[in-house]
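Asks: Mind having a look at this structure? Questions to follow.
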Amino acid sequence: MVDEDRRRLAALMLTDLVGYTSLCQRNENLALEILRDQARIVRAKVARHGGREVKCTGDGYLVEFPSALAALECAVAIQRAVDRRNASVPEEDTFHLRIGLHLGDVVDRGGDLFGDGVNLVARIEPLAPPGGVCASQQFYDQVWNKTEERLVYAGTESLKGLERPTKIYRVARTGDPPLPADRGADRRRIAVLPLVNVSPDPADAYFTDGMTDELICTLAQHPELKVIAHTSVLRYRGTTKSIAEIRKELGVGTIVEGSVRKVGDRIRISLQLIDPYSEEHLWARAYDGVLGDVFAFQADVASQVAQALELLLVEGGAHPVRREPTRNLDAYTLYLKGRYLWNRRTESDLRAAIDCFVRATELDPRFALAHVGLADAYALLPEYGTLSPRDAHPQARAAALRALELDESLAEAHASLGMICAHQSFDFGAAQRELQRAIELNPNYATAHHWYALVLMYVHRLDEAQRAIDRALELDPLSLVVNRNLGRILLAGRRTDEAIAAFERVLALDPSFPMTRVNLALAYVQKGDLQRALAAVEGERSVSGGSPWPAVITGCLREMSGQRGAVAAALRELESRAARGHVPPTCFAACYLAVGDLERALAWLERAYAERDEWLLTALTTSFVDPVRSDPRFVRLVAQVLGS
């Protein structure tokens, strides 16, 4: 019997005929006629969209599809066909369907489907209004960027069978009343699109970027506003997307756009405030200035814009004053270049970012944000490159402390020090205090919420970690690293299907983002699907620079799939790397875990703790260490890590 059961991920649709029982009691003949019409419509659309009818439940259908997108398109087609049918018959002969959509794990037993996925779609379907379609978060994550249909957030529900509440999305249809979360409450959620450089000299683009960044940072100081982070809006530079598409992707209720023109020493900045629902201009203003004091001009414009938006969007409250970061234009340009490189998360880019930040601090030694950038770049090098924590972390800490000496109120500096405390010394108490201070100083600083979520994940406070990463995503919804680390938190909570969806969403945005395929492979390992895990990790070596992890995970998976000697080959490569530079001890531990050599695996995990290898913190949250999880030595190790 076991051989007949096959477990897999499936895109599911469940339909239900609204009020069928009472209709049977009132008019049995009409009920039977409506059943026939429903069957004709549903089966025709299912066939057209490549679905497979699993079963008829009497007044509804359970259907599986080859993709979530096909399921969505079929559900919408069914509802439109029912609308056309209803328009041609008397009102008393009309009927309506509720449709639920879910992407989840199922067990195929002789063609019938069972398991959590089926149970959950059955609980999502009743949440749809008559004539409507509702979908789970897992389903939404697969289709949000692939469809012209508008899926709007419809609330968070506690569903039987799920430990945590899940977000539900509704397919918006013509004539639907707007949901409160889709309009109105979002007016204070703002996206400042990259300003357009219309100057004769293309080299003035960095001044334009600086003006965009200054606007974002100044608006973000206001506690009543939620401002989308620079990394998310940067994707819309030169975009051909409409205002409506941008609103949908970022979930904002207000958009600021504009241009910068610089001719000689004269500057004009033109800005418009747009309602992204009606696309009408709510406010527009041009600012003229002289290049003599560019930073004072930028700060003055940003302050005036903030005051104007405050009058339009916020009732009362004084706008906080933002300090001028530096008066040296070349230093500021280098800082912007460094941040751009830092966000790419490869070893070569991080080293180039360090060069930019060092040069910026040489031009202006009191430029606190440049010291923060230097701290952040050194802090990431052990994770994305070959520099050892012993060499990187002291430099990161020194730069963060220098930034705090210059400006103790700088949220970015507290956040940097917090993450350094977590990774350098495993001091999670200090890390939490610094990150909480950063959030207190600037509630709109997405990176602080993101790093706070990771620290909470390390100490296994996963519900709080989820809330923190959700807040980071509200502020920076298109950030690749935040979306990838959402997957890591879901994986730590054994929410494997949701983690897979999160990693695949990152790859849809950027197929080359480092370490995403490795994380996706770990998710498939946790799911017990080694074949998909191997397929996922392919191609990671070409995008992860000097990281040893793609080779380690590939070797482990091949060995676990029956290819003897694959781990031995991976170990030889690690030893060769170690002769030339640093290799995280956790890499060796992973190899020995894959071949069942638990003694050596534990010895390397203990060495990872002694060296404060930050990869150990991630390893402790994955199923890879399950073979030693109950071993007394491992239990003591976890106590040491969490107690340190």
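Asks: Contour minus end-to-end for Asp391 and Asp631, with contour as 0.36 nm per residue of separation and end-to-end as the Cα-Cα distance?
Replies: 83.2 nm
Asks: Now a separate question. Label-point separation (nm) for Asp112 and Gln436, each offset 7 Å from Cα along Cα-to-Cβ?
Replies: It works out to 5.3 nm between the two label points.
Asks: Further, regarding this structure: Would you mind computing, in nm to one decimal, how far apart the modelled labels at Ser242 and Glu91 are, each placed 7 Å from Cα along Cα→Cβ?
Replies: Placing both labels 7 Å beyond Cα along the Cβ direction yields 3.3 nm.
Asks: Where a ≥ b ≥ c are the square roots of the eigenvalues of the C-alpha gyration tensor, would you call region 357-448 rounded, which needs a/c under 1.5, or, failing that, prolate if a/b is larger than b/c, or oblate?
Replies: Numbers: a/c = 1.83, a/b = 1.03, b/c = 1.77.
Oblate, since a/c reaches 1.5 and b/c is not below a/b.
Asks: At 222 nm, what helix-only mean residue ellipticity would the chain give, in deg cm²/dmol to the nearest 500, using -39500 (n - 2.57) for each DSSP H run of four or more?
Replies: -17000 deg cm²/dmol
Asks: Once fully extended, how much extra length lies between Gln307 and Arg467, figured as 0.36 nm per residue of separation less the alpha-carbon to alpha-carbon distance?
Replies: Values: separation 160, 0.36 × 160 = 57.60 nm, distance 3.06 nm.
Net length gain for the segment: 54.5 nm.
Asks: State the extension gain, in nm to one decimal, for the chain segment bounded by Asp510 and Val638, taking 0.36 nm per residue of separation less the distance between their alpha-carbons. Kindly include the intermediate steps, with their values, before the conclusion.
Replies: On the way: separation 128, 0.36 × 128 = 46.08 nm, distance 3.47 nm.
Between Asp510 and Val638, full extension yields an extra 42.6 nm.
Since every read-out is calculated from the coordinates, none of them should be taken as a lab result. Just so you know, these numbers come straight off a predicted model, no measurement behind them. FYI the Cβ positions are ideal-geometry reconstructions off the backbone, even for glycines, and counts take in every protein chain you see.
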